[in-house]
Amino acid sequence: QGYGDWFLPSKDELIEMYNTIGNGSPEGNVGGFETDVFENDLYWSSSELSYNYAWVVNFDNGGTIYYDKYNTYRVRVIRAF
């Protein structure tokens, strides 16, 4: 939308998003995160475990896990945190 300062949030930032605007929020999933199918629940973070692995956050339950970077999951880019 004309902005050039978008970035992929870290694992901790995604967890905070889960707790404030995702399913972990007292208001529920006001951020509109997909939570219907397991693969759609997972969102990549910018936090790497190693060269080949990065962390994802499950927006159905708030859990974290790392996967090979060749996997295809959702992303939610942000401008500020």
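Remarks
- Flag if residue 27 is part of a loop (DSSP other than H, G, I, E, B) and modelled with pLDDT of 90 or more: yes
- Region 39-61, subset modelled with pLDDT of 95 or more and not in a strand (DSSP E or B), residue nearest to the chain's Cα centre (by Cα): 49
- For residue 29: the one exception among (1) out of contact with any helix residue (DSSP H, G or I) (no Cβ under 8 Å at 6 or more places or on another chain); (2) open to solvent by less than 70 Å² (accessible area, probe 1.4 Å); (3) over 19 Å from residue 7 (Cβ atoms): (1)
- Among the residues of region 17-26, those identified as in contact (Cβ under 8 Å) with a residue 40 or more places away in the chain and either of a type in the set (A, V, I, L, M, F, W, C) or open to solvent by 20 Å² or more (accessible area, probe 1.4 Å) (or both) are 17, 18, 19.
- When 34, 13 are checked against the criterion of being surrounded by 15 or more Cβ atoms within 10 Å (Cβ to Cβ) and at pLDDT below 95, 34 stands alone in meeting it.
- Of all residues in region 37-81 being small (Gly, Ala, Ser) and over 12 Å from residue 11 (Cβ atoms), the one that is most open to solvent (accessible area, probe 1.4 Å): 80
The values are calculated or read from the model by the stated rules, or taken from the named source; none is laboratory data. Please read all numbers here as calculations on a predicted model, not as lab measurements. FYI the Cβ positions are ideal-geometry reconstructions off the backbone, even for glycines, and counts take in every protein chain you see. Only protein heavy atoms, including side chains, enter the accessible area calculation; ligands, DNA and RNA are left aside. Shrake-Rupley method; radii C 1.70, N 1.55, O 1.52, S 1.80 Å.
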